[in-house]
Structures are given as C-alpha cells and as structure tokens.
Amino acid sequence: MAWDFQTDSEFQKKLDWAQDFVVNELIPLEPLLGVFSDEVWQQEILAPLKQKVKDQDLWACHLEKELGGQGYGQLPLALMNLVTGRCPFAQEVFGNMAPDSGNAELLAEGGTEAQKEKWLWPNLRGDIRSSFAITEPWVAGTDPTQIQTTAVLDGDEWVINGRKWMITNASRSDFIIFMCVTDADAPVHQRCSMIVVEKGTAGMDVFRDIPTMHHPVESFGELGGHAEITLDNVRVPRDNLIGEVGGGFILSQVRLGPGRIHHATRWLAEA
Ligand SMILES: Cc1cc2nc3c(=O)[nH]c(=O)nc-3n(C[C@H](O)[C@H](O)[C@H](O)COP(=O)(O)OP(=O)(O)OC[C@H]3O[C@@H](n4cnc5c(N)ncnc54)[C@H](O)[C@@H]3O)c2cc1C
C-alpha cells in the first residue's frame, strides 16, 4: 500500500503544534538529561510538559478513547513519530513511548479486567513501566517460532525457564510480558503464550543492559537500555497469562504489526 505521508488538515494542526513544542520546549532540555534524580526529572520537568500535551488532546493519541487516548490510530502515530523521534524523551511526554505503548495495546486486547486494573491503567497513567520479551540469544529473533523459553503449568502457577535479551527498558520495568512456549507439540503458531512476570519475582534475573550502537558501554538501569534476563524456575500465578493459552503469536501481532510503521518513522526522525 502506498502512503504519501499526508493527513487531514485538523490533525496537521496538531502536528504543527507538536513540531513547535518539540523544537522549542523539549529539545532545549536535552542537556539536562541525567542531571537530576529520576524523581525530579519526572515530577518537576516532565509532568508539566505532559500536561501541556494532554491539554492539546494529544496524550497517547493513537489509543482508543476508552484507553485514555484520542483514537487517532496508527498512521497518525507514525506521522507524530516523525516529529517526536527527534528528541529522546518526547515520546514519553506524548504518552506513546515504546515498549509501553504496544504493551498497552496488547493488554487492552487480551487482558482481563483484573489484569487491566493491575497493569494497564497504571501503565497508561505513567505510574509503572513495562517491557516485552520475545528475543532470545541462541535463536534468530526474526523467527519467534524458534523460541525456547518454556512455561509449564504446575497447579495454579506457571513455572518459567529460559533466557531473553535485547529487552528494552527491562532493567527499569515493573512488569515484563514474556512470550513462552506453553505447548511444544501444538501447531507451530499455537505453541506460545504471553505471561506477565513482575519485577522482583524470585528466579528472574535482569542482569545487564547489552551494549548497542546507541549505548556502546555496558550498563544497567538505563532508560532505553536493552536488557538480558535469565528465568530460573520463575513461578507466577496462572492468572498472569494474557489471553488464551497458545494465543501468543496472534497477540504479538497486535503490537508488532503497527510498530513496523511507527518505529520506522521514529528512526527516520532520529536519523
Ligand atoms: C534497539 C533494539 C531494541 C529491541 N527491543 C526488543 C524488545 O523490547 N523485546 C524483544 O523481544 N526484542 C527486542 N529487540 C530484538 C529484536 O526484535 C531482534 O533484534 C530482531 O528480531 C532480530 O533478531 P536477531 O537480532 O536475533 O537477528 P537474527 O534473527 O539473527 O537476524 C540477523 C540477520 O539474519 C537475517 N536472517 C535471519 N534468519 C534468516 C533466514 N532464515 N534466512 C535468511 N536470513 C535470515 C535477518 O534478516 C538479519 O539480517 C530489540 C532490538 C534492538 C536492536
């Protein structure tokens, strides 16, 4: 499908406001990144900026209104990312920071009311952070049919074993959604399920942020870092499964499909 990067005049006005806001109010703050404590940065600096975005009806603009967004959808988000991608914290200020934004879509699609209360609403408010873990070190990340991390039901608990890496923000996340093999004998695209593991769960070790071109020095706890994680007999309640057993591939497309467009425009802006 061809796309000419045009939008309707009403949304174009929003984009023009966003462009002005990013250039004149966000980019000038970049030298202050890392200068203040996380609390001061969040409460004193980002919170008033987020309010300005909300006042413009642009907070999480791609999400449906019942999720606290504006219902604009994914293509306007892609255009928005051409603007916000220029500043490393602009997406947080606009309420569409990856991986939280995609995780919100996944929880909205597959989560129970209890799961939404526990993870979705606090995540959308910006009170907690999340990660999404598919990729593993020993198999091709481009082919999730090769995932080796397993989750086995034992009574009322899932017991998870495996290893993930490149997991964005995992060293800062309050919960991580893991894609695990729950039935190795099922047809290939029904083998995996999505299961939430909360920070601090025994047996889960988020032990380093992997060096990348973006963050060339190995570190830990960096927002925007990409962590490696081991899972050694991690036990979580049965209710931490999102959606159906075997529904992992379908749920993953809820967030990965649109991401192929809006991540690309963000990177265009960053470049
Ligand atoms: C900045 C960043 C953030 C990330 N964040 C996350 C995250 O939050 N969560 C997460 O789960 N993952 C994350 N990832 C991992 C990402 O999803 C994987 O890097 C991606 O899926 C590619 O997998 P891979 O690195 O294992 O490369 P590979 O799959 O090994 O691919 C390497 C190269 O080989 C090619 N290739 C692979 N298989 C074949 C084949 N059969 N035939 C021919 N060519 C082939 C590919 O096209 C590619 O060019 C992140 C990666 C980056 C760079």
Per-region count, segment 73-122, residues on the phi > 0 side of the Ramachandran plot and hydroxyl-bearing (S, T, Y): 0
Among (1) over 14 Å from A151 (Cβ atoms); (2) over 17 Å from the mean Cα position of the chain (by Cα) - the single one E244 does not satisfy: (1)
Inter-residue pairs, beta-carbon under 7 Å, first in the same structural domain as A227 (by TED's automatic domain parsing) and of a type in the set (D, E) and in segment 155-183, second in a loop (DSSP other than H, G, I, E, B) and within 15 Å of the ligand (Cβ to nearest atom), 6+ apart: D174/R129
Count of residues meeting criterion [modelled with pLDDT of 80 or more, within 12 Å of the ligand (Cβ to nearest atom) and out of contact with any strand residue (DSSP E or B) (no Cβ under 6 Å at 6 or more places or on another chain)] in segment 213-251: 2
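If we only count helices (runs of 4 or more DSSP H) wholly inside segment 14-105, which ones have 2 or more residues that are within 25 Å of I176 (Cα to Cα) and touching a Ser or Thr at 6+ places or on another chain (Cβ under 7 Å)?
Working: elements: 47-55, 74-84, 90-93.
Because the criterion is at least 2 residues that are within 25 Å of I176 (Cα to Cα) and touching a Ser or Thr at 6+ places or on another chain (Cβ under 7 Å), the helices (runs of 4 or more DSSP H) in segment 14-105 that meet it are 74-84, 90-93.
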Residues located in segment 155-175, provided they are within 9 Å of the ligand (Cβ to nearest atom) and either part of a helix (DSSP H, G or I) or within 13 Å of the chain's Cα centre (by Cα) (or both): M166, I167, T168, N169, A170
Flag for D183 being of a type in the set (D, E, K, R), within 15 Å of the chain's Cα centre (by Cα) and assigned to a loop (DSSP other than H, G, I, E, B): no
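Quick one: count up the residues across segment 112-141 that are among the acidic types (D, E), assigned to a loop (DSSP other than H, G, I, E, B) and more than 10 Å from the ligand (Cβ to nearest atom).
Adding up the residues that qualify gives 1.
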Where E109 falls short, out of the listed (1) away from the ligand (no atom under 14 Å from the Cβ); (2) crowded, with 17+ Cβ neighbours inside 10 Å; (3) in a helix (DSSP H, G or I); (4) in contact (Cβ under 8 Å) with a residue 12 or more places away in the chain: (2)
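The values are calculated or read from the model by the stated rules, or taken from the named source; none is laboratory data. Note that the structure is a prediction, hence the values are computed from the model and not measured. Note: ideal-geometry Cβ built from the backbone for every residue, glycine included; neighbour counts use all protein chains shown.
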